Amino acid sequence: MSLALHISAYAIKFLPVRLARRKASGHKISRLPVNGEPIEAQFLVDVSVIYKNDARTGIQRVVRALVLQLLKSPPAGYRICPVYATRQQGYHYAAANFLECSSVGMAESRPVEVQSGDLFLALDLAAHLLPRHQKQILSWKRKGVHLHAVVYDLLPVLHPEWFQPRTTRNFRHWLRWIAVYADSAICISQTVKAELHTWLKASFDLPPTALDANVILLGADIEASAPSKGLPANAQVLLEHMRSVPCVLMVGTIEPRKGHAQALAAFEKIWQQPGEGPALIIVGRAGWRTDELQQKLRGHSESNQRLYWLEDVSDEYLELLYANCCGVLVASHAEGFGLPVIEAALHKKPVLARDIPIFREIIAPKLSYFYNSTSQELAVSIDRWINKSWLQESFLPENLSESNFPSWKTSAVQLVQALGLRPPLGSTHERSQLKNTDEKSSTQAFNPC
């Protein structure tokens, strides 16, 4: 890269965001046809995090599912190119079959080469990586590459007390990158869109009109997200137990905002009552700032009796846990969307969720809310919820089926439309579903595509 570009990228880091955004602007030039045929542009999809280590959490599921759908049905005039970056090197082409391989090499891939009209989508949440490569991004933007970012939530900057300081710091840098370089943001809920515009205005005096933001629905069909397979040796024992005893399922990483501590305290109060009482099954990997809670879960007197913590669960096993539980508890204090709510409804299971704005956006049958601030109050709400007669029945109305829930195929079509591209539309139902959403919301191992 030229010395001038190095200097420009360095200087932009210190300019006020509104001025930096003008300095970083590029020239968007459509590609001219060759011999009457249009030139196919690159749709560069950032998969940096799952390419190195797929933790199989919610965001990784979104990335896998959307990449698969885009590869199956790329927008007109584009070819899908998964790309990745590391702390040491800028963006390179990812192995075309990386979703099918348990491990892929990085050393043999080659750097991304761009032309005007290409598009880059920051699909993976790589807040710790993307701002490190501003020289490369600036060169792309000045060559006429369109830059877009998916925003899953703003929680590390809105609630830094729930996260490690490094995470919050990286998130601030990432949001500044969006404010300076992005042509648009793709949000996963209206709540996130509103929070993004509010934060950018308060932090950088950037008005909503400066950055276009659109909202897409997330899919609920786990089988369309390259699901992992495999069951532990004792899986059938637990599944049989779930069929005979009411078992409440919680799905999510063990981190402060998910509300596991309050939920466990509520169940402990329920277990003090006469009778066997319901079991609590927690599915989620150990996270951050919850060491005391994790220790309590591992050494609990009810462990493997009325309390189960499953830390490493395949998607195949998760589907069975959804199918056999009596209901799903979502106690999060804040979310960007909340996939377990939709996944539970798709499995015809009732949901008890904390009454927060994002869960009011989700339309699902038999979605109940709790408003409790204490574990004792939550215990009463859980007791009432479990004892409702409909909790023991298949509650999904006869006229409501899987087709009423958003699929990952629908999500990909909405994403492509939000980017201003022409998607290959599917069935009449998908067109209708997309219309309804708009009304409610505003080859080789290393193939360089």
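Answer rounded, prolate or oblate for segment 227-402, using the Cα gyration tensor with square roots of eigenvalues a ≥ b ≥ c: rounded when a/c is under 1.5, else prolate when a/b is larger than b/c, else oblate. Rounded, since a/c falls under 1.5. The Cα-based radius of gyration of segment 332-380, divided by its Kirkwood radius, gives an Rg/Rh of 0.97.
Based on C-alpha pairs under 8 angstrom that are at least 6 apart in sequence, segment 227-402 has a relative contact order of 25 percent. Between A94 and V83, Y84, the built amide H atoms are under 5 Å apart, and every one of these is 5 or more places off in sequence or on another chain. When you filter the GluC sites (Glu not before Pro) in segment 186-284 for DSSP loop state and at most 16 other Cβ atoms inside 10 Å of their Cβ, you are left with E276.
Annotation: peptides 406-418, 288-300, ranked by per-residue average of other Cβ atoms within 10 Å with the highest first, follow the order 406-418, 288-300. The shape of segment 82-222 comes out prolate: with a ≥ b ≥ c from the C-alpha gyration tensor, a/c is at least 1.5 and a/b beats b/c.
Distances between placed amide hydrogens fall under 5 Å for A213 paired with A185, all partners being 5 or more residues away or on another chain. Annotation: the antiparallel percentage among DSSP beta bridges lying fully within segment 144-272 is about 0. For segment 121-273, lysine pairs with C-alpha atoms less than 29 angstrom apart, excluding pairs fewer than eight positions apart on the same chain, total 12.
Summarising the amide proton neighbourhood of V151: residues at separation of 5 or more, or on other chains, whose placed amide H is nearer than 5 Å comprise I186, C187, I188. The residues S2, S109, when put in order of fewest to most other Cβ atoms within 10 Å, stand as S2, S109.
Read-outs: derived from the displayed coordinates by stated rules, not from any lab. Not measured: the values here are computed from a predicted model. Don't worry about glycine lacking a Cβ; one is built from the backbone with ideal geometry, like all the others, and counts go over all protein chains shown.
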